[in-house]
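This report refers to the structure that appears directly beneath it.
The values are calculated or read from the model by the stated rules, or taken from the named source; none is laboratory data. Quick caveat: nothing in here was measured; it's all calculated off a predicted structure. All Cβ positions, glycine included, derive from the backbone under ideal geometry; neighbour counts span all protein chains shown. Ligands, DNA and RNA are stripped out before the accessible areas are found, and what is left, the full protein with its side chains, is counted by its heavy atoms. Shrake-Rupley method; radii C 1.70, N 1.55, O 1.52, S 1.80 Å.
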2 protein chains.
Amino acid sequence: MKSTIPDSGVPIGPAAGNGSDRQEASLHGEILLRLRDYVVEGNIPEGARVPERKLCEMLGISRTPLREALKVLAAEGLIELLPNRGARVRQLSQRDLEELFDLMAGLESLAGRLACETITDDEIADIERLHYEMYGHYLHRDMHGYFQINQRIHESIVNAARNETLKTAYANFAGRIRRVRYSANFARKRQRWGEAMREHEAILDALRRRSGSELSDILFQHLRNKRTAAIEHLTEAPEGAPTSP
Amino acid sequence: MKSTIPDSGVPIGPAAGNGSDRQEASLHGEILLRLRDYVVEGNIPEGARVPERKLCEMLGISRTPLREALKVLAAEGLIELLPNRGARVRQLSQRDLEELFDLMAGLESLAGRLACETITDDEIADIERLHYEMYGHYLHRDMHGYFQINQRIHESIVNAARNETLKTAYANFAGRIRRVRYSANFARKRQRWGEAMREHEAILDALRRRSGSELSDILFQHLRNKRTAAIEHLTEAPEGAPTSP
DNA sequence: AGGACAAAAAATGAATGCAAAATGACTGAC
DNA sequence: GTCAGTCATTTTGCATTCATTTTTTGTCCT
């Protein structure tokens, strides 16, 4: 057996009904979007070799635009290209994950600092609403609901920074760890959960006072704690592939 | 012929003696490195259209690997690809520059915070040496020398963070504004210069005390001030590089 | 039977070819 | 004299083709 890609019928057909209405003018752009999603969503096992041929017939295109897309994905850090041996989904070592988490922490910390400069009362009110909604989920021990709101809060902070470049970079790095992040979310223990809630309150407090420097610290520490929990969880339950470079 | 590329004989010959010994196995990798440098160093005027054909004969290759490299450069934000109308060097608006400077400030601020966790006394001593060397340049009003050391200090801090992912991201964004940054360096007025020196002393102080949170603040503010000076300078002298050909 | 070597098969990297779109120039009308 | 429309040329986007490199398969020898 050569193909390492799960052959699930027609995963990404040529003109398969794309749920979202986004459409790229060029073929390689279209391919890029679809392939990126396909990889980010974890449809290809980590470290699996990805024969161009296979992808070509999956996507119903020739190799040229596909290869262009692969180069871009490699530049984004999602896959890696081995010379003369094709592409493989990038395998993130524990160290890579730590570095990525720290980087994300830094970016969100920056977002918080910048947000304090320009955020409006309305925006803060929105975040407060989200916070209380999240608190409800916390009280009901609804982890999934909690986590979705949590994501939206952090997203709101990044948006409030009013820095598209930062937002793009944040999205890029988020994509790299999305697969892991997902399982990491559920790694949150009860104890850590309560802690996180308190941290979120502190975040709101600093935001209300527009104390950028404080918010920056709190956000960084908050995400640092999250990182620790996530990494712990991953080393406890190594999902299929053990971490080895 | 309305080639917008300065036709300086053999700008990047096929096997032109590359000063550095770095060599990529694949052609597209080689091309990518050379084209990136070529663009970053400002050999192509901003917003200039870049016909593939021209680049191909400049580099002595066919269009396929070139186009792959262009896609990657576009993903990196150095150039932009207009559908069916080729590539152009990305023109950075003032807003783009502000965003990039802030992002760089955030990354360096993060680097400082992380560095405080693991930096050794020797590394600090190295930075102190650089600092005093820089102080010498300051006293002698040697702006060029000052600036080179300044770069090395900031580089040392990023290295001390021991985060390759951060370092790569930092290098990427630095590339985007390198052209501007270069002229911005010389924008430093006397007054701002003295200020910068004091800030650098505060940086060293926080570093010695391993106070990550403080260092983070100081670095961000330091780079914020730099940003202001740079943007001011650019709006004062909007068109053309200070050093005319 | 197991391992080493060699040839076949397949995959990758790069070049070329072809259709569609865009650019530019020329012509003609007002 | 200016502007609009049409056509030729150039350029881009993608498919196909060619040349290496890698991987697999098959055979032979120990």
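Here is how the numbers come out for the structure above:
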read-out: Scan of region B:69-106 for residues that are away from DNA strand D (no atom under 16 Å from the Cβ), touching a helix residue (DSSP H, G or I) at 6+ places or on another chain (Cβ under 6 Å) and over 30 Å from B:ASP217 (Cα atoms), ordered by number; value: none
read-out: Filtered residue count, region A:52-73, keeping only those that are buried (at least 18 other Cβ atoms within 10 Å of the Cβ) and closer than 23 Å to B:ALA74 by Cβ; value: 11
read-out: Inter-residue pairs, beta-carbon under 7 Å, first at positive phi and in region A:37-65, second away from DNA strand D (no atom under 13 Å from the Cβ) and outside any helix (DSSP H, G or I), 6+ apart; value: A:GLY47/A:VAL89; A:GLY47/A:GLN91; A:GLY47/A:ALA241; A:GLY60/A:GLY13
read-out: For B:ARG208: the one exception among (1) over 16 Å from B:MET134 (Cβ atoms); (2) touching a Lys or Arg at 6+ places or on another chain (Cβ under 8 Å); value: (2)
read-out: Entirely in region A:24-86, the helices (runs of 4 or more DSSP H) that have 1 or more residues that are within 11 Å of chain B (Cβ to nearest Cβ) and within 9 Å of DNA strand C (Cβ to nearest atom); value: A:63-76
read-out: Selection count where residues are open to solvent by 40 Å² or more (accessible area, probe 1.4 Å) and within 14 Å of DNA strand D (Cβ to nearest atom), scope region A:29-51; value: 3
read-out: Residue match in region A:107-122 (condition: under 17 Å from B:GLY106 (Cβ atoms) and away from every other protein chain (no Cβ under 14 Å)); value: yes
read-out: Residue count for region B:208-235, restricted to those that are aliphatic (A, V, I, L, M) and either out of contact with any Phe, Trp or Tyr (no Cβ under 8 Å at 6 or more places or on another chain) or at positive phi (or both); value: 5
read-out: Count of region A:94-121 residues which are of a type outside the set (A, V, I, L, M, F, W, C) and either open to solvent by less than 30 Å² (accessible area, probe 1.4 Å) or on the phi > 0 side of the Ramachandran plot (or both); value: 7
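Let's see how each residue does on (1) in a helix (DSSP H, G or I); (2) modelled with pLDDT under 95; (3) buried (at least 17 other Cβ atoms within 10 Å of the Cβ):
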{"position": "A:LEU92", "(1), (2), (3)": "no, yes, yes"}
{"position": "A:GLU123", "(1), (2), (3)": "yes, no, no"}
{"position": "A:GLY145", "(1), (2), (3)": "yes, yes, no"}
{"position": "A:GLY175", "(1), (2), (3)": "yes, yes, yes"}
{"position": "A:GLU195", "(1), (2), (3)": "yes, yes, no"}
